[in-house]
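Just below is one structure, and these are the notes that go with it.
The values are calculated or read from the model by the stated rules, or taken from the named source; none is laboratory data. Please read all numbers here as calculations on a predicted model, not as lab measurements. Every residue, glycine among them, receives a Cβ derived from its backbone with ideal geometry; neighbour counts consider all protein chains shown. SASA here: full protein model, heavy atoms, side chains in, ligands and nucleic acids out. Shrake-Rupley method; radii C 1.70, N 1.55, O 1.52, S 1.80 Å.
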Amino acid sequence: MPSALKPMRYGHTEGHTDVCFNDTGSCIVTCGSDGDVRIWENLDDDDPTSFNVGEKAYSCALKNGRLITAVSNNTVQIHTFPEGAPDGILTRFTMNANHIIFNSDGTKIAAGSSDFMVKVVEVTDSSKQKTFRGHDAPVLSLSFDPRDVYLASASCDGSVRVWKIADQTCTTSWPLLQKCNDVINAKSICRLGWQPGNGKLLAIPVDKVVKLYRRETWDSQFDLSDTFITQTLNIVAWSPCGQYLAAGSVDGCIVVWNMESQKCIERMKHEKKYTICGLAWHPKYKQIAYTDTEGNLGLLENIGDEKKSNDKVTSTATKDYNDLFDGDDDYLSGDMIEPQSSPKTGANEEDADDDDLKPTSGHFRRTTIIDDDDNSLDIGMIKANSSLLEKEDDDDDQTGGFPALPPSSTQQPFYDGPLPTPRQKPFQSGSTPAHLMHRFMVWNSVGIIRCYNDEQDNAIDIEFHDTSVHHATHLLNSLNHTMADLSTEAILLACESTEELASKLHCIHFNSWDANKEWTVDMPKDEDIEAICLGQGWAACATSALLVRVFTVGGVQKEIFSLPGPVVSMAGHGEQLMVIYHRGTGFDGDQCLGVQLMELGKKKKQILHGDPLSLTKKSYLIWVGFSAEGTPCYVDSEGIVRILNRGLGNTWIPVCNTREHCKGKSDHYWVVGIHEKPQQLRCIPCKGARFPPTLPRPAVAILSFKLPYCQVTTEKGQMEEQYWRSVVFHNHVDYLSKNGYELDESAKSQAVKEQQELLMKLFALSCKLEREFRCVELADLMTQNVVNLAIKYASRSRKLNLAQRLSEMAVEKASELAAALEDEEEEEEDFRKHLNAGYSNSATEWRRQPVRNVQQDQEMEDAEETDAYEEVEETPEVHKERPNPFSKGVTSAEVTTPKSVVIASSSQGRVNPFKVSSNKKDPVVPSANVLDTMSKYSKKNCSSSSQAVNRQSPPVIKPLIPKPKFKQARTPNSSEKTVEEREEKAGNESHEVKITAQENTENRRPKTGFQMWLEENRANILEDNPDLNEAELIKEGMSRFRVLSSEERMVWTEKAKGGTVNDSAEDKKRKRPTADEDEVKKSEEQKSEELNLSKKTKPLDQSANVKLSAFAFKQS
C-alpha cells in the first residue's frame, strides 16, 4: 500500500524541536524549546507522558533505557526512561550544546556546542571525556561512525570535519556550508549521517543536494537530488537497514531515496511549509517521525511499499541473507581477510569494487562460500592466509576497528603510522575569523580596524589608540577587503581575487605630506594575497605564488623573494620583517612551520634563515608579531607565548602560559600586544571562545610574564626566574643601541641594578646553605663592584676559603683580559687619548650614555694609573668599605702582569691601599644587612656599564676584604701575611690611620692637563659654538685637545704636575701617563710603585673602563 501522511499535531511551543524513537519503536520521544520531554505511544496519544528537563531543550537521544538531553544551562543531562528521573550530568560546556547523539552500542555520547567544542563522553563513566578542538564557530551537528572509529561534525564556520576518535585528530575537512556566526543564523543545521552497518558512506546535506563521501578515501562518491527540492536541505536520516536515505528541507519537503537505485521513492510536502528540523526512522517499520520549528510532530508511514506484502517479506529475507555475508565482495577483491562473524568490518572495505554499493545476489555469493557456517572460508584462502587469520583474531578487538594486516598478493600496503596534519590556513595576527559579519581585521598597539559586513552596510572602521597619530576613519569596503594592518604611518588593506577582479593591495598613507595619500597594486593573474604587514617606511605582502613582495610606503615596488612554503602569517616592526610559513607537513596534530627574520634597512640582512618554529605539541600558531621594543614573539593555540632571546643565539624562550590565567577550560586569552618595558602581555579574556566579539567593546587585560623555571615556589627558583627574565627582557636594549636608537639609560641602569641585587641575594642564600661552589658560579655573573660586596660578605660570614677563591678567580680573569687588551693596544694607539683628560668634578651627561667603544675602554687604562687613589675622596662613604685584598695575603696577586695592565677600578672610586680608615664605628655587618648599601653601588655601576659588555666578556672580578677587620700592610713581604696577622695589626695602627685619613682628605684630586687647557680655551669654544651644553663642550674640547701635538699636550700635563705639590711620592707613584709616553716610562712607573710598596696591579676589563668613564664625567 502507498505511503500515508498522518495529520500533524501540536507537541511543543514554537522553536527547534527534536525527535527520536525508543529501542523497540513502541513510542516516540520529543523535546522542544519549552524544556519538556514528551513520550508519545503513537501519534494519536492525547495524553503523552511529559517531564521538564530545563528551560530549553535543544536535542535529545535515547538508547538502552537512557535518555540524554542538551539543555539551556549548558549541560548534557541523563534521565532514566521511561520514568524520566534525573540520573546526573554527563558533561558541561560554556555555551549550550546544539546536538547530542549515541554511538551504535549506546556506550558513548557525542555533543557539539556553541563554544566550538565537540566532546565524546563515556555514559557509564562521565570522567572519561575526549575533547575535539578545531572548529572556529558553533558546532551544528554530529554523527558517529557505526564502527566507532570516526566522528563527523558540521559547524557554522562552513566546514564539515571528520575526526579520528582514538587520538582526537582531524582526518579531513570539507568547506561545504555557508559561514555564519551562530546557529540561529545558519541556513541549515546540516544534520549529517553515516550509513548504518559498515559506515561506508557519509551523507551531508549541502544546499539542495545530499553529498555522499566514501569512507577512508574521503572522495565524493555521488550526489542525491530531486526537482521536488526547491530550498536548502536541513537534515538527513538513514533507515536502520541502510537502504534508504530521507532528507528534510527548510520549506517542509521530505524526500526519500533508495540507495540501491539512487532514485527518489517518496516526496512529501509539509502542510504549512514549516522547516523540518527533526527526522527519525522507526527501528523496525518503514515509518519516519518528523518535527518542525513550530513544535509540531508528524508521521510518515509505509515508505516505499508499492509491492504486495509477500514481496515485502521476500525482499526482507533477501536483505537478511545478504547481511549474513556482508563483506564477501571484499574477499573477491582481495581487500580483507576476515571471518563473516567479525563484529567490525575491515579498514579497506571501501576500496572494494563499486558494486559493493549494490546488494549482490545470494547465488553469486554462494560460489565463493563453501558452507553456510559463519566461520567457513574458501580452502585456497585458508591455505594462503592461515597465518594472517591468527593475527586477525587478535586484532578484532582493537578499539580503532582497523586490524593491522600485512598485504596479500593483490592488496596495497595499508599505512598505519602517524597521519599528516592538515596545514593551518594563513591568518592576520590580531584578527577574528573572516566569515563573521562583524569582526576585527586587526587589533594592535597602534589601533583597531573593524569590518562590518551585513545587510545594511559593508564598511571598515579604523580607530587609533592615540588620536594624535590620526583621527578615526570610516571606509566603504566595496572591494571586500579581508586583510588589514595598521601602523603609525599607513593603513594597509588587501582582498582576495574574484572571477572578475585580481587580488589587490591597497595602502592609505595618511602620514604622507602630499595630497595623494592612497595607492593600489593589482597582483598578477592567479596570484592571491594571503598575508600582509607594515613596517617603518615599507609594506609587504605574501602571495599564493610563494612570493613576498616588498613595497615602499609610498607605493614603489622593491625587493621580491621566494618562500620555501605556503605563508602562515607575517609581521613587521621598524626595519624588521618576520615571515612564518609551512616548511613541511606535520604529523599527529603538529604543524611544521619555519620562520624567516630579515632586516630591510640600508644594510639588508637575514637574521633567521628558515629556522623551525617551536610549537607546543598538537598546537598551531595563533599570533605572531613584535614587542613594542622590536623583539619578535609569537603565541600558539595552547597559550604559550615565546620571545626571541637574542642573548642566546637567537633562540626562542617561553615567557608566559596564558592558560594558567584562564578560569575555565574553554576560556582563552586573545593577544593584542607585548611590552618588555614594563613587562606586560596585553590581551583580551574570552569566556568560552578563542576570540572576542566586536560588541560590546572588549576590555584589555594585562598579564605578567613568568619563565618556566623549575621550583619557582622556592626562594632560589623564584630569584633565578626573576634574574633571567630581567636579562631576557632587556636584550632589546643592546639590539636597539647597536641599530642607532637613543635609549633611556636610567631604565637600563635600573635593570642592571635589579639583576645584580638578585644575584647578591642568591649568593647570600648559597652561603647560608654552605654551597660555596655555587657561590663562585654566581660571582661569575656579577659585575665588578658586586663581586667586591660578595667577597666582603664571604669574609664576614667566616668563609675565608670562598673569599680566597673569588680573589684568585679575579686575578686569573684579569690576567687573561689584560693579555687580550695588549694585543689590540697597538692597532688602536690613535684613540688612547680619547678619555685621557676630563677627570673633573664638573659633570657631563656622558655618564648616562652607553660607552661601547673598545678603543675608549683601552685609553682609560692609561688615564687611570695616576687617578686610582684620587677617586677615594670622591665617595668617602664607599671608601670605608672597600679595602684592597691584593696588597696582602693573596699570593696569586704576585702574578707578573703586562705593562699595559693597570689597577681595575669601579665607578664608586678606588680605595687607596696605603690609607687606613679612622672610622672605628664600622661594625661587622650582619648577613641580613649586606644589601643595604646595594643602591648606591648599583646606581653608579648601572649608569656606566652596559648589559652588552657584561654578556660579551665575563666580568673581571676585583675582590675586596672587609676594612674593619683587616688593614692594608706596609711591608714588602705583605703577600705572605695571613688573615690572622691582618686582624692583629688592625688595632695597633689606629693612630696612623687617623693621620693618613687627614692627609687624604686634604689632598683632593689635582687638575689634569686637559682640564687646565679646557679652562683657558673654554671661551674660544663657546665663541665658536654658543649653544653647546656642558657635555657637548667637553666633547668638543676633547676633540680639539687631541689635535694638539704630543709636545703641546706634554706641556699642559707638566703644568698640571707642577700645580700639585702635595705628596710628590704619591704623584710619582700614581702618575698618569699620556698616550705618547713610551713603554720605558711605564716600566719605570711600575718599578717605582714596587719600591713605594704599592698594591699589586691587575688588569682592567671593559666593564671597569666603562665605570671609570662614567666616574670621570659625573656631575659634581
Read phi for every residue in segment 649-664 and hand back ³J(HN,Hα) as whole Hz from Karplus 6.51 cos²θ - 1.76 cosθ + 1.60, θ = phi - 60°, with x for Gly and Pro. x, 6, 9, 9, 10, x, 10, 6, 10, 5, 5, 5, 8, 7, 7, x
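Assuming R0 = 56 Å, what is the FRET efficiency of residue 511 and residue 816, from their Cβ-Cβ distance, to the nearest 0.05?
After rounding to 0.05, the efficiency reads 0.60.
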About its Cα centre, what dipole magnitude does segment 658-701 give when the only charges are +1 on Lys and Arg Cβ and -1 on Asp and Glu Cβ, stated in debye to the nearest 20? 120
Taking the Cβ-Cβ separation of residue 221 and residue 659 as r and a Förster radius of 51 Å, what is the calculated FRET efficiency to the nearest 0.05? 0.75
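Of the peptides 525-536, 500-511, how do they stack up when ordered by the mean number of other Cβ atoms within 10 Å, highest first?
525-536, 500-511
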Which value, in Å² and to the nearest 10, is the accessible area of residue 728 when all protein chains are kept and the probe is 1.4 Å? 10
Using 0.36 nm per residue, how much length does the chain from residue 697 to residue 651 gain when fully extended, once their Cα-Cα distance is taken away? 12.9 nm
When the Cα centres of segment 433-457 and segment 166-237 are compared, how far apart do they sit, in Å? 30
Could you give each residue of segment 27-34 its phi-based ³J(HN,Hα) in whole Hz, using Karplus coefficients 6.51, -1.76, 1.60 with θ = phi - 60°, and x for Gly or Pro? 8, 10, 10, 10, 9, x, 6, 7
Cα-based Rg and Dmax for segment 413-517, where Dmax is the largest Cα-Cα distance (Å): 17.6, 67
With point charges of +1 on the Cβ of Lys and Arg and -1 on the Cβ of Asp and Glu, referenced to the Cα centre of segment 1-100, which listed residue (73, 3, 93) lies farthest in the positive direction of the dipole? 93
Kindly state, as a whole number, the per residue volume in cubic angstrom of the convex hull around the alpha carbon atoms of segment 102-236. 102
At 7 Å along Cα-to-Cβ for each site, give me the label-to-label distance between residue 1016 and residue 738 in nm. 4.5
Share of Cα-Cα pairs in segment 503-648 beyond 21 Å, whole percent, is 46
Would you please name the trypsin sites (Lys or Arg not before Pro) within segment 587-648 that are DSSP coil residues with at most 14 other C-beta atoms within 10 Å of their C-beta? 602, 603, 604, 617
To the nearest 20 debye, what charge dipole does segment 681-783 have about its Cα centre, counting +1 at the Cβ of each Lys and Arg and -1 at the Cβ of each Asp and Glu? 700
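So, R0 is 22 Å and r is the distance between the beta-carbons of residue 80 and residue 13; what FRET efficiency does that work out to, to 0.05?
0.30
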Protection-proxy order for peptides 293-302, 472-481, 166-175, each taking the mean of Cβ atoms within 10 Å per residue, highest first: 293-302, 166-175, 472-481
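Take the alpha carbon gyration tensor of segment 512-566, find the square roots of its eigenvalues, order them as a ≥ b ≥ c, and report rounded if a/c is under 1.5; if not, report prolate when a/b exceeds b/c, else oblate.
Prolate, since a/c reaches 1.5 and a/b exceeds b/c.
Could you put 663, 273, 792, 1035 in order of accessible surface area, largest first, with the 1.4 Å probe and the full protein assembly present? Walk me through the numbers before you get to the answer.
Values: 663 200, 273 130, 792 10, 1035 80 Å².
Highest to lowest solvent-accessible surface, that is 663, 273, 1035, 792.
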Can you report the principal axis dimensions of segment 641-746 using only the alpha carbons, biggest first, rounded to whole angstrom? 43, 37, 26
With +1 assigned to the C-beta of every Lys and Arg and -1 to the C-beta of every Asp and Glu, and no other charges, what is the dipole magnitude of segment 1-130 about the Cα centre in debye, to the nearest 20? 580
Keeping every protein chain in place, order 184, 1021 by accessible area at 1.4 Å, biggest value first, i.e. largest first. 184, 1021
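Taking 0.36 nm per residue of sequence separation and subtracting the Cα-Cα distance, how much length would be gained by fully extending the chain between residue 469 and residue 1050, in nm to one decimal?
203.5 nm
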Two-site label geometry, residue 6 and residue 438: point separation in nm, points 7 Å out along Cα→Cβ: 4.6
Could you work out the relative contact order of segment 134-229, using alpha carbon pairs under 8 angstrom and six or more residues apart, expressed as a whole percent? 20
Computed over segment 1-124: relative contact order in percent, which uses C-alpha pairs under 8 Å that are six or more apart: 15
Report the Rg/Rh value for segment 727-772, based on alpha-carbon coordinates and the Kirkwood definition of Rh. 1.20
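Fully extended, how many nm does the chain gain between residue 128 and residue 302 (0.36 nm per residue separation, minus their Cα-Cα distance)?
58.5 nm
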